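The values are calculated or read from the model by the stated rules, or taken from the named source; none is laboratory data. It should be emphasised that the depicted structure is a prediction, and the values quoted were computed from it without experimental measurement. Methodologically, a virtual Cβ is constructed for each residue, glycine included, from the backbone with ideal geometry; neighbour enumeration extends over all protein chains shown.
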Amino acid sequence: MSTTQNYDAIIVGGGWAGSAIAWKLGLAGKKVLILEAGIPFQSDNREEFVETFFLATAKTPEAPYTQNYNAPRPSVLDIKQIPNPPEPPADCSSPIVSIDKGGYFIQQGPMPFGSTYERLAGGTSWHWLGTCLRLVPNDFKLKSTYGVGVDWPISYNDLSPYYDEAEFEIGVSADVDEQMIHGITFSPDYIYPMQRIPPSILDQVLTEGLKNVAIDNNPLTVTGTPAGRNGVSNIMNDGTVYNNGRRLCQGNTNCTPICPIQAKYDATITLNKALQTGNVDILYQTVASNILIDTATGEVTGIEYKQYETKNGPQTGSGTATGSKYIIAAHAIEAAKLLLMSNSQLPAGVANTSGQVGRNLMDHPVNLSWGSMPDPVYPFRGPLSTSGIETTRDGSFRNTRAAYRIEIGNEGWNWPAGSPYTQLQGYVGEQGLFGQDLISQIQHDFVRQFRLGYLIEQLPEETNYIVPSANCKDNLGIPRPEIHYNLDDYTRAGFQAAEQATVTIFGAVNATPSTANRVATGGEFTYQNETYYSNGAGHVMGTHRMGDDKTTSVTDANMKSWDHDNLYIVGCGSFPTGATANPTLTMMALAFKASDAIIADLDLNA
Amino acid sequence: MTLNDFANLSVVLTGYPLSTILPQLDTQHQAEEFLEFLQTPGNVPAGEMDNLAAAWQKATASGDPVQGVKTYIMADVTLARLAQNIIMLWYLGVWYDLATPLTTGSFAIQVISGKAYKNGLAWGTMGAHPMGYSEENFGYWNTVPPFLNPQPSN
């Protein structure tokens with residue numbers, strides 16, 4: 001057992017938010033220690049990860065990153081329909097066997113939670129798509145505008161300068177004029193670091209075909225999706241050409257699960273910059289296991305951790321990290337789990353006077369629609385997605401049903417139906433095609449494949465929650481997340497609207513819906529006698545929400561715990577509502593906002 | 001089975017020319033890797049590769065190898081199943097359980113190698129590249145592919 005030197009700040013998690021805050025604090029001269037549960041990242045890891053991906057029989061978002069039983073992560077292969085009542089997890093007395101058999105999550109249903117994350121230096125940025133959309137202003141005031149959900153404690157304008165900062169650090173390729181929808185505004189003369197990524201052929205076909213089509217009075221305008229991948233640099237307002245030192249995107253069509261050439265941003269970039277400030281230390285393979293509190297003052301006094309050397313080996317060390325400020329940046333599910341399992345001094349867990357820690361778990365459940373275009377659109381080329389339809393993200397319909405954005409996929413039926421593998425199996429194994437007949441079939445069918453993904457809003461619900469499992473532990477004896485999850489009628493009505501939109505869109509471009517079998521997701525449900533299928537978006541939000549009222553939220557707008565004056569909780573768990581855009585950019589903007597508050601706090605105490 | 005026989009059979013099965021399957025300047029040695037895998041005991045039931053070689057001899061002797069493959073290989077349940085797996089090796093670099101029918105949704109047993117994945121013919125056939133392995137330049141996806149591999153015969 002060891003105790004670390006006294007740092008200005010202890011950060012749990014070397015992923016996206018943790019790296020961003022460490023970098024900002026390091027630049028400000030603050031001494032920081034990061035506790036990273038997973039393995040470190042070295043420059044040759046990417047090649048190993050890519051090779052592991054090539055060799056994986058199931059090319060899942062987790063495929064490049066092998067399971068670490070001392071800091072386990074969920075896998076989409078384990079997401080299945082949940083029987084009623086749920087079956088007890090297999091072999092919980094033997095963590096490695098149990099995780100291999102049934103997965104890391106203890107899913108209690110009624111629906112399975114469909115999203116996953118990574119636990120290694122750089123966090124889930126390793127399997128990030130790269131979407132960098134801003135939220136629309138009404139996303140911040142859903143309750144006051146539409147009477148549903150809750151309002152955020154900040155407005156779009158409060159976050160706008162932090163969006164600028166996050167976009168510069170990530171290196172976002174986008175066009176300002178295209179992004180000004182539903183009241184999104186930019187600072188005067190604002191320019192993104194790089195020009196928008198060129199649209200795919202599918203994007204162009206949909207742009208043309210949907211020109212005069214509207215849904216709920218919103219025109220279906222196709223726009224370039226702001227992307228954290230390198231495009232053509234802009235000349236910034238200070239006259240310099242933007243240059244982040246990374247390569248131009250080569251369109252590997254593999255953003256998730258791994259960009260082989262790091263043309264796409266990932267958090268190891270900012271983590272390395274943090275370490276290079278000389279003020280930031282990191283302990284890898286160091287899993288936070290308990291938050292210590294001085295019950296007299298309410299302040300956090302230390303974070304206990306466990307260490308290991310190999311992914312399936314025993315615990316090899318332990319200690320307590322101490323500092324002035326503590327920042328939990330461990331991912332929405334892991335952060336909530338850590339707060340709740342730290343219950344030796346506070347029975348309800350740390351930072352949980354409101355009772356909201358672990359609750360309001362949200363995703364953007366995805367409705368996939370896929371089919372064939374009348375003419376070739378040449379999928380499996382370019383980034384996985386280059387454009388989307390954002391005009392559907394706001395409108396008076398939000399009184400009664402979820403909004404959605406439409407992501408246009410450049411990877412054919414890969415996500416919904418396992419293409420090209422599954423179709424080839426059918427051509428070769430069932431139809432007996434070979435030689436020129438096989439080539440002709442592929443060249444007719446595959447080049448016409450396309451898919452749309454509707455990312456559907458979810459409201460905060462107390463009944464969607466995670467708690468540390470009472471019985472099932474990981475290999476270090478740390479509880480695994482037990483998840484209770486469902487989709488309410490507001491979101492289900494969003495699926496219904498999405499399917500109606502598909503009829504309109506497919507009709508407008510003369511597309512033929514696919515009859516291919518869908519990959520099983522476990523997310524099957526019925527709504528008004530129709531069956532729908534929900535997929536995880538990987539957008540895990542809401543488990544330690546911020547707010548204006550300490551009785552109904554976990555932190556204030558600076559992501560400082562209402563209960564503990566020197567504790568901050570950051571990441572997508574801070575989101576009060578799921579909103580209508582992929583959350584990462586907003587999460588990083590919030591991390592920069594928290595950084596300013598933490599630095600000001602430290603300077604005040606100095 | 002000899003390398004040449006395997007390569008010529010693969011030409012008929014895949015529809016790709018010998019210059020792709022067994023190029024004169026062969027930096028990849030993909031045909032060798034597949035043949036070695038097929039001839040490693042345990043991967044294919046004993047005797048089946050010999051039966052395949054014999055059937056291929058009959059197929060070529062007929063003077064029309066495509067019709068010959070239909071008659072002597074695809075009409076034989078066991079050899080057809082093996083031929084299907086050889087096609088999937090070439091197209092995607094993956095290997096399936098020979099004891100069960102190949103159907104939509106079959107789970108692969110293994111990817112033969114990273115090289116086999118990257119050399120998968122399926123991708124180029126549709127004018128694309130293996131997911132995660134692009135040798136193209138920025139923005140290529142904005143225009144139609146210059147050609148599909150190999151060119152359609154019509």
Give, as residue ranges, the strands (runs of 3 or more DSSP E) completely inside the range A:498-606 that count at least 1 residues that are over 16 Å from the mean Cα position of the chain (by Cα) and acidic (Asp, Glu). A:524-527, A:530-533
Among the residues listed as A:193, A:161, the single one being touching a Gly at 6+ places or on another chain (Cβ under 8 Å) and of a type outside the set (A, V, I, L, M): A:193
Boolean, residue B:16 is surrounded by 17 or more Cβ atoms within 10 Å (Cβ to Cβ), in contact with a Leu (Cβ under 9 Å, 6 or more places away or on another chain) and part of a loop (DSSP other than H, G, I, E, B): yes
Filter result for residue A:141 (surrounded by fewer than 20 Cβ atoms within 10 Å (Cβ to Cβ) and touching a Phe, Trp or Tyr at 6+ places or on another chain (Cβ under 8 Å)): yes
Test result for residue A:53, within 14 Å of chain B (Cβ to nearest Cβ), surrounded by 23 or more Cβ atoms within 10 Å (Cβ to Cβ) and either aromatic (Phe, Trp, Tyr) or closer than 25 Å to residue A:485 by Cβ (or both): yes
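Yes or no, residue by residue, for (1) surrounded by fewer than 22 Cβ atoms within 10 Å (Cβ to Cβ); (2) of a type outside the set (Gly, Ala, Ser); (3) touching a residue at least 40 places away in the same chain (Cβ under 8 Å):
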position: A:118; (1), (2), (3): no, yes, yes
position: A:136; (1), (2), (3): yes, yes, yes
position: A:149; (1), (2), (3): no, no, yes
position: A:152; (1), (2), (3): no, yes, yes
position: A:156; (1), (2), (3): yes, yes, no
Of the residues A:25, A:33, A:55, which is out of contact with any helix residue (DSSP H, G or I) (no Cβ under 8 Å at 6 or more places or on another chain) and of a type in the set (A, V, I, L, M)? A:33
Starting from residues that are under 26 Å from residue A:24 (Cβ atoms) and in contact with a Pro (Cβ under 8 Å, 6 or more places away or on another chain), keep the ones in the range A:306-335 and report whichever is surrounded by the most Cβ atoms within 10 Å (Cβ to Cβ). A:334
In the range A:183-233, what count of residues is obtained for those that are assigned to a loop (DSSP other than H, G, I, E, B) and under 24 Å from residue A:587 (Cβ atoms)? 16
Please identify the pairs in which a residue from the range B:6-29 that is within 14 Å of chain A (Cβ to nearest Cβ) has its Cβ atom under 9 Å from the Cβ atom of a residue that is surrounded by fewer than 20 Cβ atoms within 10 Å (Cβ to Cβ) and at pLDDT below 95, counting only partners at least 6 apart or on another chain. B:15/B:150; B:15/B:153; B:16/B:149; B:16/B:150; B:17/B:150; B:20/B:149; B:20/B:150
Just to be sure before I move on: is residue B:84 over 22 Å from residue B:12 (Cα atoms), modelled with pLDDT of 95 or more and facing chain A (nearest Cβ under 8 Å) in the structure I sent? no
Can you tell me which residue in the range A:184-224 is farthest from the chain's Cα centre (by Cα), limited to those that are small (Gly, Ala, Ser) and surrounded by fewer than 16 Cβ atoms within 10 Å (Cβ to Cβ)? A:214
Go through the range B:114-136 and give me each residue that's in contact (Cβ under 8 Å) with a residue 12 or more places away in the chain, more than 20 Å from residue A:422 (Cβ to Cβ) and polar (S, T, N, Q). B:119
Out of (1) part of a strand (DSSP E or B); (2) over 24 Å from the mean Cα position of the chain (by Cα); (3) of a type in the set (Ser, Thr, Tyr), the odd one out for residue A:289 is which? (2)
Within the range A:498-533, work out how many residues are crowded, with 17+ Cβ neighbours inside 10 Å, under 26 Å from residue A:60 (Cα atoms) and among the small types (Gly, Ala, Ser). 5
Given the criteria in contact with a strand residue (DSSP E or B) (Cβ under 9 Å, 6 or more places away or on another chain), surrounded by 21 or more Cβ atoms within 10 Å (Cβ to Cβ) and within 27 Å of residue A:606 (Cβ to Cβ), does residue A:303 qualify? yes
How about the range A:308-353: which of its residues are assigned to a loop (DSSP other than H, G, I, E, B) and of a type in the set (A, V, I, L, M, F, W, C)? A:329, A:330, A:346, A:348, A:350, A:351
Would the range B:107-125 turn up any residue that is in contact with a His (Cβ under 8 Å, 6 or more places away or on another chain) and facing chain A (nearest Cβ under 7 Å)? yes
Test residue A:601 against the stated conditions and say whether it is surrounded by fewer than 24 Cβ atoms within 10 Å (Cβ to Cβ), over 28 Å from residue A:348 (Cα atoms) and modelled with pLDDT of 95 or more. no
